[in-house]
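Here is the structure we will look at.
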Amino acid sequence: MGKKVRLGIIGASNIAKQVIPLFSAVPGLELSAIAARSLARAKKIAHNVDGVNYYGNYYDLLSDDRIDAVYITLPNALHFRWAKLALLAKKHVLCEKPIVLKQSHLYELKEIAGKQSLVLMEAMWYRFHPLIDSIRESVQGGDIGTVQAFHSTLGFQNPKNNIRWSRKLGGGALNDLFCYHLDAITYIMNQRVSMLRKGVISCCKKRGVIASLAGELSFNSDCYALLASSIENKWENRTTIVGSKGSISVPNLLVFPLLSEAVYRISTADGCVSRKFNEFNAYEEMFRAFVEMIHGERNHDFLLNNSLETIKLLEYVNQLCHEKLLPRAFIQKIIRKVTFHVNKVLYGQNC
Ligand SMILES: NC(=O)c1ccc[n+]([C@@H]2O[C@H](COP(=O)([O-])OP(=O)(O)OC[C@H]3O[C@@H](n4cnc5c(N)ncnc54)[C@H](OP(=O)(O)O)[C@@H]3O)[C@@H](O)[C@H]2O)c1
C-alpha cells in the first residue's frame, strides 16, 4: 500500500454523514477536510472526527494542496461542475451517483482525468457487494442460460423539501433511483446502449420533476427490461432475472440497509438454491477500491466505462420521458405487469 490518500468531502450531506464513520475501517484512507457552503455546517461535522479541517466553501478545499482526492456528495445537477473543478485542481474524484446527467459531460471529465492520470469514479456502491459479484458471475457465466428478462422495482417516499424534488438540482425518480436499474442492466446483465432496440417509458411528473416512472427497454439480444421507480411512493426493491435455463430472484438487489444480510435465489432445472451473504458494507468496500485505484493496484477504466453506458441509457430514458407524458393509469398498468412477473418468479415456484 502506498502513502495515505488524504480525502476531502464536498457537501455536508446526509450521505456524507452516514459514510464518515466508515473511513476508520478503510486502510490507506484519511479524512482530511470537509467543505460546506456554510462554515458552521462544515465545522459541526468536522468536530466529530479528530484532526479534520473544515471550509465554508468548496473552492478553498479544492485549493488545499494537502488533499489528494475528493468525494462529491452534492445534488445531481452539481456533480459535473464540481467534478470538473476538482479534476482541474488535480484531485482524484469519487462522485455520488449518477455521476453526471449527460454522456457528453462524462466524456469531458474522462478526458481531463485521463490527461492527468487521475482516478475518476462513480459512487455506484452496490457494485461492491459480494452478492452483486455472485449474481454477475452467475448471469455472465451462463448459469441461467441466455438472459431474456430483467424486472425491477424501487421506490422511496421523500419529504417535499428534499433535493430529490428539485428540478434545478437534478432531482426526480429517474436520476435518483431508476439509475440503479439502468446500472444493473449494464453492469450485471452486460447489455449495451448500442444493443438497444426500443424503449417505452411512461412517467408521472409532479412539481416539475419525474415523481414516478415505469417502462420497458428491449435489446437486440432479445432481452427485455421492465422497470419502475418512484420518489413519492415506497416500493419494495425486488429484482428478477429470467434466463432460458432458469431464473434469479433478489428481494433486495441494493442491500438496504447497507449492513444487512443479503440473499438471492437461483432456480434451474437442477433445483432451487438460496445463496446467503453475511453482513457487509458495500460503501466501505467502494472506498477501499477507490484507494487501491489511486495507488494503481486496481484498474478503474472498466468501472468508469460501465458508468458511461449507464449514463447513455439515463439520457435516452430522460429523452423518452420528455417526449410525451402518458396518464397515471398507464404507469400503474406497467407497475402491475412488473409486480405480476416478479411475484410469479418469486412465489410461483416451490423453494
Ligand atoms: N442519501 C443517500 O442515502 C444517498 C445514497 C446514495 C447516493 N446519494 C447521492 O448523494 C448525493 C447527495 O444526496 P443526499 O441525500 O445526501 O443529499 P443532501 O443531504 O440534501 O445533501 C446535499 C448537499 O449538497 C449541498 N448543496 C450544494 N448546493 C446545494 C443547493 N443549491 N441546494 C441544496 N444543497 C446543496 C449541501 O451541502 P452544504 O452543506 O455544502 O450546503 C447539501 O448538504 C446525491 O447525488 C444522491 O444521489 C445519496
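Quick notes on this structure:
- For the chain, the antiparallel share of DSSP beta bridges with both residues in that region comes to about 60%.
- For residue 196, distant residues with modelled amide H under 5 Å away: 220
- Pairs over the 26 Å Cα-Cα cut-off, from the set 17/160; 4/43; 160/276: 160/276.
- Extreme residue, positive dipole direction of the chain, given options 157, 204, 83 (C-beta unit charges): 204
- Coarse-grained scattering of the stretch 82-126 at q = 0.18, 0.22, 0.23, 0.30 Å⁻¹, given as base-10 log I(q)/I(0) from a Debye sum over alpha-carbon atoms: -0.45, -0.67, -0.73, -1.16
- Residues 112, 135, ranked from the fewest to the most other C-beta atoms within 10 Å, line up as 112, 135.
- Radius of gyration (Cα atoms) of the stretch 231-315, expressed as a multiple of 2.2 N^0.38 Å: 1.38.
- Basic side chains Lys and Arg get +1 at the Cβ, acidic Asp and Glu get -1 at the Cβ, and with that the dipole of the chain about its Cα centre reaches some 1280 debye.
- Above 16 Å, the calculated P(r) of the stretch 194-246 contains 55 percent of its Cα-Cα pairs.
- Projecting the Cα atoms of 254, 307, 74 onto the charge dipole of the chain, computed from C-beta unit charges around the Cα centre, puts 74 farthest toward the positive end.
- Per residue Cα convex hull volume in Å³ - calculated over the stretch 5-123: 89
- Taking the Cα centre of the stretch 81-161 as origin and assigning +1 to Lys and Arg Cβ atoms and -1 to Asp and Glu Cβ atoms, the resulting dipole is close to 540 debye.
- The convex hull drawn around the Cα atoms of the chain, when projected onto a plane and averaged over every direction, covers 17.2 nm².
- Entries in 102/168; 245/344; 3/115; 115/312; 97/337 that, when Cα-Cα distance is taken, lie over 18 Å: 3/115; 115/312; 97/337
- Among 270, 64, a tally of other beta-carbon atoms within 10 Å of each Cβ gives an order, fewest to most, of 270, 64.
- Relative contact order (percent, whole number), the chain, Cα cutoff 8 Å, 6+ residue spacing: 17
Values quoted throughout were computed directly from the atomic coordinates according to the rules given, and no laboratory measurement underlies them. The structure displayed is predicted, hence computed values, not measured ones. Backbone-built Cβ (ideal geometry, glycine too); neighbour counts: all protein chains shown.
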